[in-house]
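The values are calculated or read from the model by the stated rules, or taken from the named source; none is laboratory data. What you see is a predicted model, and the numbers here were worked out from it, not measured in a lab. Each accessible area value is taken on the protein alone, full model and side chains, heavy atoms only, with ligands, DNA and RNA left out. Shrake-Rupley method; radii C 1.70, N 1.55, O 1.52, S 1.80 Å.
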Amino acid sequence: MAVYVDDMKAPFGNMVMSHMWADTDAELLAMAARIGVDRKWIQGHATLSFGKHRNASWVHFDIAQSKRALAVKAGAIETDRYGPLEHEARLDIASDNPARVARGQKRLARVIGARMI
């Protein structure tokens, strides 16, 4: 089980943001608490968003670079910009649903191809 941070650098006000996600909600929330990110900022999870479902296709936090550095120091695994897509593809592949497995295999092939460019 692991927590991940990508190398995205998206401007947001005076900050520069990256994504942080994990293999499980518990790991993600534990890391958020450890680095001082309020769980109300979680995206993509209706239950954990305190009734305010922040629209996202996957469960993650957008975190400032200072929080990203803290997460890495606390053991988060650094990935590239394709890390979130690869993670979702691997979750699909690990499922028992043949349609999800096929979708995950296609997504993973696209990630591998994009990294080769």
> Which of the aspartates and glutamates could a cross-linker bridge to residue 40, judged by Cα under 20 Å and excluding same-chain residues fewer than eight apart?
Replying inline: 23, 25, 27, 62
> Among rounded, prolate and oblate, which fits region 72-117 when a ≥ b ≥ c are the square roots of the eigenvalues of its C-alpha gyration tensor, a/c under 1.5 means rounded, and a/b larger than b/c means prolate?
Replying inline: oblate
> Non-local amide H neighbours of residue 4 (under 5 Å, H modeled in plane, Pro and chain starts lacking H): which ones?
Replying inline: 21, 22, 77
>> I need the phi-derived Karplus couplings for region 13-27: 6.51 cos²θ - 1.76 cosθ + 1.60, θ = phi - 60°, integer Hz, Gly and Pro marked x.
In response: x, 8, 10, 10, 10, 10, 9, 10, 9, 8, 5, 9, 4, 4, 5
> What is the gain in length, in nm to one decimal, between residue 41 and residue 93 on full extension, counting 0.36 nm per residue of separation less the C-alpha to C-alpha distance?
Replying inline: 15.9 nm
> How large is ³J(HN,Hα) for each residue in region 83-92, as worked out from phi by the Karplus curve 6.51 cos²θ - 1.76 cosθ + 1.60 (θ = phi - 60°), to whole Hz, x for Gly and Pro?
Replying inline: x, x, 5, 5, 4, 4, 4, 5, 5, 4
> Carbon and sulfur together cover what percent of the accessible area of the chain at a 1.4 Å probe radius?
Replying inline: 57 percent
> In percent, what relative contact order does the chain have, based on Cα pairs under 8 Å that are 6 or more apart in sequence?
Replying inline: 25 percent
